[in-house]
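The values are calculated or read from the model by the stated rules, or taken from the named source; none is laboratory data. All figures in this text were calculated on a predicted structure; none of them were measured in a lab. With ideal geometry, Cβ positions are generated from the backbone for all residues, glycine too; neighbour counts draw on all protein chains shown. The accessibility values were calculated without ligands, DNA or RNA, using every heavy atom of the protein model including side chains. Shrake-Rupley method; radii C 1.70, N 1.55, O 1.52, S 1.80 Å.
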Amino acid sequence: STNTLIWKHAERWFLWIFLAARVWLLIMQWGVKSGWDATYHLDMVSLWDWSDPVMDIRAYFYAYHPPLGFLLAKLFVFLGVGSVASVQIISWLASLTAFFFLRQSVKVLQLLDRPVGIAFVYLTSSLPQQVYLSWSINLDGIIFACASVILWASIAKKPLPLITAFCTAFLTKFSAVLLLPLPFLVVLAHTGFTRNAGKNLLRAAVPILVS
């Protein structure tokens, strides 16, 4: 229909504006040391090593975290990028992963050409907290990315990406346990709310994705 075509074009414009804004934001904040416990985070990036990913959790303040988030940043350090910028790259890539898989989830639900779906994707991805996580020093961006992959994999019934996302999340932060209900919410939406299942799923997923 004409309305559907209009909303498809509108969403495409939103997409390009969103991506341009994220690139500009990373450039403007490049090398800026900001984030919750940023100093401790950077300490772990320097201390962790791919050849020996074992550490006494009592040795350092941030040592209780699983190592994956720090080791991913370490890859860019090996390439000669500064430690702050290395973490920022991981945060930025994680934010884009979260965005695109959330967008794909809405697309699978056939809501991306409707105002409710477009509003959900772009408002959720543009919350001040999400914007800050996209360039700052943090582990939460990776968790949000995993949450989006888990949501999409559950909807699309893709077991391998689902397992991979859960493993990545648990190797990054213990709070990944909060992601466990997502697949069950998808099942509930498809079995318990057959009518308007997509919209019901979005309503159920909002508290987890934005909390």
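Here are some notes:
- Which label in (i) 20.9; (ii) 19.3; (iii) 18.1 gives the computed Kirkwood radius over Cα pairs in Å: (iii)
- Accessible carbon and sulfur surface of segment 2-154 relative to its total accessible area, %, 1.4 Å: 67
- Charged-residue dipole, Cβ positions (Lys, Arg, Asp, Glu), segment 1-144 about Cα centre, Debye nearest 20: 580
- Computed FRET value (nearest 0.05) for V187 with W16, which takes r as the C-beta separation and R₀ as 30 Å: 0.30
- Distance in nm between pseudo-label sites at L127 and T2 (7 Å out along the Cβ direction from Cα): 3.7
- Exceeding the 26 Å Cα-Cα cut-off - candidates K8/K173; K33/K158; K107/K173; K74/K173; K33/K173: K8/K173; K33/K158; K107/K173
- The mean sequence distance of close C-alpha pairs (under 8 Å, at least 6 residues apart), as a share of the length of the chain, puts its relative contact order at 22 percent.
- Alpha carbon Rg of segment 72-127, scaled by the compact-globule rule 2.2 N^0.38 Å: 1.51
- Neighbourhood net charge (9 Å Cβ-Cβ; Lys/Arg +1, Asp/Glu -1) for W7: 0
- Positive-end residue, the chain charge dipole about Cα centroid, Cβ charges, pick of L71, L26, T97: T97
- Heavy-atom surface of segment 1-76, accessible at 1.4 Å and reported per residue (Å²): 66
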